[in-house]
Amino acid sequence: MREKILLVDDEKGIVDVMKTYFEMSGYQVFAACSGREALQKMSCQPDLILLDINMPDMDGLAVCRAIRAHIACPILFLTARVETADKIKGFSLGADDYIVKPFDLEELGARVAAHLRRENRKQEQSTLRFFHNMVIDYAGRKVIVGESDVSLSKKEFDIVELLSVNTGQIFDRERIYETVWGLEGDGSSDTVMEHIRKIRAKFSALTLHNYIETVWGVGYKWNG
């Protein structure tokens, strides 16, 4: 099956050039000329998104913020200029890379191919991960410590999954809440604290290792 790329840019000429290039490279290409149109095109379930930052009605950062909790594929920002602060903001929202305009099509194609290869390798990896005396089965949604299954609720497992697949990365409560609860959430980030307290209690009954570490004033990270 051909991999799907969603192109989002309000400059129709750039979209047309990229669309032609990627179709000739064997991809299935979808295009949107505004942020709002991009949201409508998400149903195509893209494997990668090329997203312009500076669009008039809804910029790329707003689009990324709206979709990241629901779309796992790589998001590559297209921008005419990029400051360090802008990069930090974009990466914090879930961007995977920045492409500065004007860009060389061959280099753009190489970057897209590299991100897609990385995604394919991740999907081909085992769904099991081992941490000290813990095994996490992501496909089966099970956590085993020693020889004992840990009984976790859906949201508790989702939190463990988010932290453990990003070992060492710090997540603040707001980011955890937005990622795990998404648009269905009607609570607050305080809910995250309560869920983590319950997870820790269940872990501590079976192991002395502190798997979820608090980074004071910042958030939480997985201590594998």
Give the residue that is most open to solvent (accessible area, probe 1.4 Å), with candidates limited to residues of region 183-214 that are part of a loop (DSSP other than H, G, I, E, B) and either closer than 16 Å to F131 by Cα or among the β-branched types (V, I, T) (or both).
-> L208
Among the listed residues D47, D9, which satisfies the condition of being touching a residue at least 60 places away in the same chain (Cβ under 8 Å), within 25 Å of R117 (Cβ to Cβ) and more than 20 Å from the chain's Cα centre (by Cα)?
-> D9
Of the numbered conditions (1) closer than 30 Å to D9 by Cβ; (2) of a type outside the set (G, A, S); (3) in contact with an Asp or Glu (Cβ under 6 Å, 6 or more places away or on another chain), E106 satisfies every one except a single condition; which is it?
-> (3)
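Does R141 satisfy being open to solvent by 40 Å² or more (accessible area, probe 1.4 Å) and closer than 25 Å to K89 by Cα? Outline the logic, then answer.
On the way: open to solvent by 40 Å² or more (accessible area, probe 1.4 Å): yes; closer than 25 Å to K89 by Cα: no.
Against the criterion (open to solvent by 40 Å² or more (accessible area, probe 1.4 Å) and closer than 25 Å to K89 by Cα), R141 does not qualify.
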Restricting region 49-75 to residues that are closer than 24 Å to N166 by Cβ and charged (D, E, K, R), the one least open to solvent (accessible area, probe 1.4 Å) turns out to be R68
Check off (1) of a type in the set (S, T, Y); (2) part of a helix (DSSP H, G or I); (3) in contact with a Ser or Thr (Cβ under 9 Å, 6 or more places away or on another chain) for S92 and give me the number that stays unchecked.
-> (3)
Does region 76-86 contain at least one residue that is among the basic types (K, R), surrounded by fewer than 12 Cβ atoms within 10 Å (Cβ to Cβ) and over 18 Å from L163 (Cα atoms)?
-> yes
Can you give me the ranges of the helices (runs of 4 or more DSSP H) entirely in region 1-79 with at least 1 residues that are under 16 Å from A95 (Cβ atoms)?
-> 35-41, 60-67
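The values are calculated or read from the model by the stated rules, or taken from the named source; none is laboratory data. Treat the numbers as computed from the prediction; the structure is a model and nothing was measured. Because the Cβ atoms are built from the backbone with ideal geometry, glycine has one as well, and the counts that use them run over all protein chains shown. Please note that ligands, DNA and RNA were not included when accessible areas were found on the heavy atoms of the full protein model with its side chains. Shrake-Rupley method; radii C 1.70, N 1.55, O 1.52, S 1.80 Å.
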